[in-house]
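These notes concern the structure reproduced below.
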Amino acid sequence: MLRILLADDHDLTRAGVRYLLEKHTDWSVCAEASNGRIAVECAEKLRPDVAILDMSMPELNGVETARQILKKIPRTKILLYTMHETERIIVDALEAGASGIVLKSDAGENLVVAIESILKGRRFFTSHVAETVVEAYISKRTETEPFSGQVVLTTREREVIQLLAEGKSNKEVADRLGISTRTAEGHRAETMKRLRLGSLAELIRYAVRNGIVQP
């Protein structure tokens, strides 16, 4: 039985995807998650074969969720699905270790094919343009080369940026991450300093521009 983790913050979307997946008698959705943090917890506990992650989720977006799942369970295949297919999304997904991306608008047509493909060790993307970008990325970039000269953020810094951009206070950030408010304030100050951002509004714009949160 293929065990699948499904993460999306919309109940109806999860229900529709689950229905589509479980038409296959040897596939089972072993857990559902409404945000990225819950998805990581479920993955660590249940160790699914495949994790299907919405790119835009509260707490942790799909890319950061993928990073954390693969750090804990490297054998899990990650499939991200999104409303928008851009070069930046593809690059971020590859850097996170995802095996493929499916557009939400094409999920009915491509989701099952995508899962079958990544289980065979292939990548799956929903357009010829995406394939071109992927091949260029794989052949030309090195692992240590940051995208477009950007500051390379740590996992904790990406978590803090997303939570702040979602409107969480320092105390709420601390509660979500299991740290003290003072430590959360320190992470916020250090992250903004590294990114040369002077205000929360600038941090939110940075998060939107770089796909950490969706507008």
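We did not get these values from a lab; they are worked out from the coordinates using the rules stated. Note that the structure is a prediction, hence the values are computed from the model and not measured. Because the Cβ atoms are built from the backbone with ideal geometry, glycine has one as well, and the counts that use them run over all protein chains shown.
Structure above, values below:
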read-out	value
Total charge dipole magnitude, region 151-209, about the Cα centre, Cβ charges on Lys, Arg, Asp, Glu only, Debye to nearest 20	160 debye
Leading residue at positive end of dipole, the chain (Cβ point charges), from 152, 186, 173	186
Region 20-65: GluC sites (Glu not before Pro) in DSSP coil with no more than 13 other Cβ atoms inside 10 Å	22
Average projected area [Cα convex hull, the chain], square nanometres	11.7 nm²
Dipole magnitude (debye, nearest 20) for region 2-140, charges at Cβ of Lys, Arg, Asp, Glu	520 debye
Net length gained if the chain between residue 26 and residue 169 were fully extended (0.36 nm per residue, minus Cα distance)	47.1 nm
Near-label residues of region 152-170 by backbone N, under 19 Å of a point 7 Å along Cα→Cβ of residue 71	152-165
Relative contact order, percent, region 2-140 [alpha-carbon distance under 8 Å, six or more residues apart]	19 percent
Order of 81, 19, 206 - criterion: other Cβ atoms within 10 Å of each residue's Cβ, fewest first	19, 206, 81
Estimated FRET transfer efficiency (residue 45, residue 208; beta-carbon r; R0 41 Å; 0.05)	0.80
Members of 77/193; 45/104; 23/171; 23/168; 104/193 lying beyond 32 Å, as alpha-carbon distances in this model show	77/193; 23/171; 23/168; 104/193
Inter-site label distance for residue 156 and residue 190 at 7 Å from Cα along Cβ, in nm	0.5 nm
For the chain, the longest site-free run once trypsin sites (Lys or Arg not before Pro) in DSSP loop states with at most 14 other Cβ atoms within 10 Å are removed	142-195
For region 2-16 and region 87-121, distance of Cα centres in Å	15 Å
